[in-house]
Structure formats: C-alpha cells, structure tokens
Amino acid sequence: GQQLNQSPQSMFIQEGEDVSMNCTSSSIFNTWLWYKQEPGEGPVLLIALYKAGELTSNGRLTAQFGITRKDSFLNISASIPSDVGIYFCAGHKAGTASKLTFGTGTRLQVTL
Amino acid sequence: DVKVTQSSRYLVKRTGEKVFLECVQDMDHENMFWYRQDPGLGLRLIYFSYDVKMKEKGDIPEGYSVSREKKERFSLILESASTNQTSMYLCASSLGQRYYTFGSGTRLTVV
C-alpha cells in the first residue's frame, strides 16, 4: 500500500534543541495524526488534526495540518532524552473506510 | 482513555502451528485493525473490521484470517504459522476517523 513521504529519516540532536519533521503526499488527506513509538511498544497518539490550517499543541509538541491538505509537520521544542523514539505521521483519505496511510517514520536520537 | 489490549506481548510458536492473537478494546469503537510492522517496511494492514462479523482484507491478508464475534474483540488467526510471519503485530481501534488507538503489540517469533 501507499506510504506517506516522511522526512528526515533520522535525526541526531543535542538535548535542548528544537526538532522539525514533516510528511507530504500527492493526495489530499482529511485527517493527519502524529504518533511516537518506543522500542518494543505500540505507537502512541501525540496529536490529531482534522482541519486544513489547524495548528495544535501538546506540551512541547506542535503540529500543523497543511493548507493544501497534502502535508503536515511536527515540531518538538527544547528536546529532552525521553523524546527518543520513532515518530510516525498517518493520514486518512476520504473514501478509504477509516483506513490510515502511514509515513515511513523519523528516528530521533537525543544526546546529552 | 481508550485502551486497546493485546493478550500477549511475546509469543514463540512452531512452524505449522495455528496461532491466535487476541485484541480487546474498551471504548465501543466500531473499527478494529490488525497490522504487522517489519523493519524497513513500516506498518502494513492485514485485515480490518468495521462492525461485528464484518471484515475486509488489507494490503497483506495472505496466510491470515480474522474473527470479530463481539464488538470489543478482534482476533487474528495464523492458520499455519510460517517463519516469514515472524513480526511485530499491532492491533488498533477507531471511532470513524477519530481516536485511532494502538495496542502495545505482540512480538511473534515462528521457529
């Protein structure tokens, strides 16, 4: 099945730095979701976006639903060691019966 | 909070065994999903169900079947396990497009 284009694939940053990652598609989506997955665990929902242009925060995390409805980004401010993990975007297209399309993931490593 | 519970975190099964993976959700979601996750391949949809006794094939249904006899429970069945089915299996549920929630996963090893 289709996957969303997510970048970067991996990031190595220092504690305290800000992080930005994004997902793009050639198709229009009507929902964007951002998940974090830690080793050996299932993905945990961080932020859900349901309207074009929507900007939503969850603590140090901020995500936006792109105006074109073909992209979304996630920012993490002032990173800390527990931010380590793989971040996935996911989108829902109309006419796909609640099925999601997933990004390929961004692996985040935070050094002290 | 919605809770999606997968019955086992780790399973080791022999080739040819019939394997059942169970998933239960506690928030009356109509949709339930089974994915497998493999390095470099991301999350791939095996089957999903949008109502009791209803099911649809996902992207990789071969070698799997599912059962949904009650709204809260969605079972994935490997009729005859093979080594290429060694993977992380993730269950999820949703209310329409909303509240899409995953379980903690079952790491299955077939030897």
Item to complete: Could you run through region A:5-44 and say how many residues are part of a loop (DSSP other than H, G, I, E, B) and over 20 Å from B:GLY96 (Cβ atoms)?
Response: 13
Worksheet item: Can you name the condition, by its number, that B:LEU45 falls short on among (1) buried (at least 16 other Cβ atoms within 10 Å of the Cβ); (2) of a type in the set (A, V, I, L, M, F, W, C); (3) at pLDDT 95 or above?
Response: (3)
Item to complete: Evaluate region A:75-89: report whether one residue or more is in a strand (DSSP E or B), touching a residue at least 60 places away in the same chain (Cβ under 8 Å), touching a Cys at 6+ places or on another chain (Cβ under 6 Å) and within 14 Å of chain B (Cβ to nearest Cβ).
Response: yes
Item to complete: Run A:ILE13 past the list (1) out of contact with any Phe, Trp or Tyr (no Cβ under 6 Å at 6 or more places or on another chain); (2) within 19 Å of B:ARG98 (Cα to Cα); (3) in contact (Cβ under 8 Å) with a residue 24 or more places away in the chain; (4) among the β-branched types (Val, Ile, Thr) and report the number of the one that doesn't hold.
Response: (2)
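Determine which member of the set A:ASP71, A:ASP18 is farther than 20 Å from B:PRO39 by Cβ, touching a residue at least 60 places away in the same chain (Cβ under 8 Å) and out of contact with any Gly (no Cβ under 9 Å at 6 or more places or on another chain). Walk me through how you get there before you give the answer.
Values: A:ASP71 fails: touching a residue at least 60 places away in the same chain (Cβ under 8 Å).
None of the other options fit; the residue is A:ASP18.
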Item to complete: Can you tell me which residue within region A:10-51, out of those that are polar (S, T, N, Q) and out of contact with any Asp or Glu (no Cβ under 9 Å at 6 or more places or on another chain), is farthest from the other protein chains (Cβ to nearest Cβ)?
Response: A:GLN14
Worksheet item: What residue, of B:LEU21, B:LEU90, B:LEU76, B:LEU95, is in contact with a His (Cβ under 9 Å, 6 or more places away or on another chain) and either at pLDDT 95 or above or not β-branched (Val, Ile, Thr) (or both)?
Response: B:LEU95
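Residue check: is B:GLY40 surrounded by fewer than 16 Cβ atoms within 10 Å (Cβ to Cβ), out of contact with any Asp or Glu (no Cβ under 6 Å at 6 or more places or on another chain), of a type outside the set (Asp, Glu) and farther than 27 Å from A:GLN9 by Cα? Give the steps one after another, and end with the answer.
Working: surrounded by fewer than 16 Cβ atoms within 10 Å (Cβ to Cβ): yes; out of contact with any Asp or Glu (no Cβ under 6 Å at 6 or more places or on another chain): yes; of a type outside the set (Asp, Glu): yes; farther than 27 Å from A:GLN9 by Cα: no.
When the stated conditions are applied, B:GLY40 does not pass them.
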Fill in: Members of region B:40-78 that are in contact with a Gly (Cβ under 9 Å, 6 or more places away or on another chain) and among the small types (Gly, Ala, Ser)
B:GLY42, B:GLY58
Response to the item:
Among (1) without any contact (Cβ under 8 Å) to a residue 12 or more places away in the chain; (2) touching a strand residue (DSSP E or B) at 6+ places or on another chain (Cβ under 8 Å), A:GLY59 falls short only on (2)
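Residues are listed down the side, and each one gets a yes or a no for (1) touching a Pro at 6+ places or on another chain (Cβ under 9 Å); (2) without any contact (Cβ under 8 Å) to a residue 12 or more places away in the chain:
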| position | (1), (2) |
| --- | --- |
| B:SER8 | no, no |
| B:LYS18 | no, no |
| B:ARG36 | no, no |
| B:ILE46 | yes, no |
| B:SER49 | no, no |
| B:GLU56 | no, yes |
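The values are calculated or read from the model by the stated rules, or taken from the named source; none is laboratory data. In this text, all values refer to a predicted model and were calculated from it rather than measured experimentally. As a convention, Cβ positions derive from the backbone with ideal geometry for all residues, glycine included, and neighbour counts pool all protein chains shown.
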